[in-house]
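Beneath this line is the structure, given in structure tokens, with notes to follow.
The values are calculated or read from the model by the stated rules, or taken from the named source; none is laboratory data. None of these values were measured; they are calculated from a predicted model. Neighbour counts run over all protein chains shown; Cβ positions are idealised from the backbone, glycine included.
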Amino acid sequence: MRIQLPAVLRTPVRGAFTFIEVLMAAGVVGTVFISLYAGVSGGFSMVANAREDLRATQIMLEKLETLRLYNWNQINSNGFIPTNFTASFYPVGNTNGGVIYSGTLNITNFPAGTSYATNMRLVLLSVTWTSGQVTHRRYMQTSVARYGLQNYIY
């Protein structure tokens, strides 16, 4: 005994997609790839900015740490400590010449109003660099005392 199927079920099943379905799938895949590319590109940009910022911090810290080696007379003499400087950063794989940092180091009188102001100096340090077409700046400041740490080295 044979069972007869209704006419609707006897039609051959098509295995292809419609043109609209293909276009929608291509749009979804395109959106995913564009988002992925934007995410990866943004990630590399953030890493590069973080490296440059870290290098600026290292340069400033290096300049401030050298002050520990100077005695009070050297700190107060004009021209002994350079006020302008440059430093560079060439990351591995960088083919466009790296980043050049320029900075200033100013040693001024400590703000008045305290009894020990004559025995202290205020150190202001700034570093500027250009990455791409954007100029970045970082600042640090510290105080140096006449009878500070530099008297205990050597």
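Sort out which residues of the stretch 101-148 are farther than 19 Å from Ser77 by Cβ and either modelled with pLDDT under 90 or more than 32 Å from the chain's Cα centre (by Cα) (or both), and write them in order of number.
Pro111, Ala112, Gly113, Thr114, Ser115, Tyr116, Ala117, Ser131, Gly132, Gln133
Name the strands (runs of 3 or more DSSP E) wholly inside the stretch 32-149 in which the number of residues that are of a type in the set (Val, Ile, Thr) and exposed (fewer than 11 other Cβ atoms within 10 Å of the Cβ) is 2 or more.
By residue number, 134-145.
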